[in-house]
Amino acid sequence: MSSSRFIQRLTSYFDQMEQISATSLHSWLADTGRTKPVMIDVREPWELEHCRIDGSLTIPMASVPSHLSRLDRDADTVLICHHGARSFQVGMYLEQQGFSHLFNLQGGVAAWARDVDPGMQTY
């Protein structure tokens, strides 16, 4: 099963976390009248050597629990990974911890590179 199909099936069970497209996130970041979201990239450090979205915080998936006290549960937060599956899992965990304004970058940095920044290195 593809990662996008997996996410669609999980989304039917967890309706709180929104999926956001790369182009919608790009528009949000460019909108000077709107507060920028916190962007958390949950990929591993070696993955970030290839590409990353400017302004994103790096918190690898396994270390998210140890960073909870530093995160604002009420802030608009966009979760990012390679294709969107790991970030979705982190989002489900954060929902269980009381976070309420979560967005999963649908398709991850791969979608960002394809739809927003074609010059971005991919892997």
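You will find that of Thr58, Thr23, Thr32, the residue that is at pLDDT 95 or above, out of contact with any helix residue (DSSP H, G or I) (no Cβ under 9 Å at 6 or more places or on another chain), surrounded by fewer than 21 Cβ atoms within 10 Å (Cβ to Cβ) and of a type in the set (Val, Ile, Thr) is Thr32 and no other. Remark: pairs (first residue in the range 99-123, acidic (Asp, Glu); second residue assigned to a helix (DSSP H, G or I); Cβ separation under 6 Å; 6+ apart in sequence or on different chains) = Asp115/Ala22; Asp115/Thr23. The condition of being at pLDDT 95 or above and either of a type in the set (Lys, Arg) or not in a loop (DSSP other than H, G, I, E, B) (or both) holds for Met39. Among the criteria (1) touching a strand residue (DSSP E or B) at 6+ places or on another chain (Cβ under 8 Å); (2) closer than 15 Å to Val42 by Cα; (3) surrounded by fewer than 14 Cβ atoms within 10 Å (Cβ to Cβ); (4) not polar (S, T, N, Q), the one Asp72 does not fulfil is (2).
Within the range 100-115, the set of residues being within 15 Å of Ile20 (Cβ to Cβ) and surrounded by 18 or more Cβ atoms within 10 Å (Cβ to Cβ) comprises Leu102, Phe103, Asn104, Leu105, Gln106, Gly107, Gly108, Val109, Ala110, Ala111, Trp112.
The values are calculated or read from the model by the stated rules, or taken from the named source; none is laboratory data. If you're wondering where the values come from, they're calculated on a predicted model, not measured in any experiment. We place every Cβ from the backbone using ideal geometry, glycine too, and count neighbours over all the protein chains shown.
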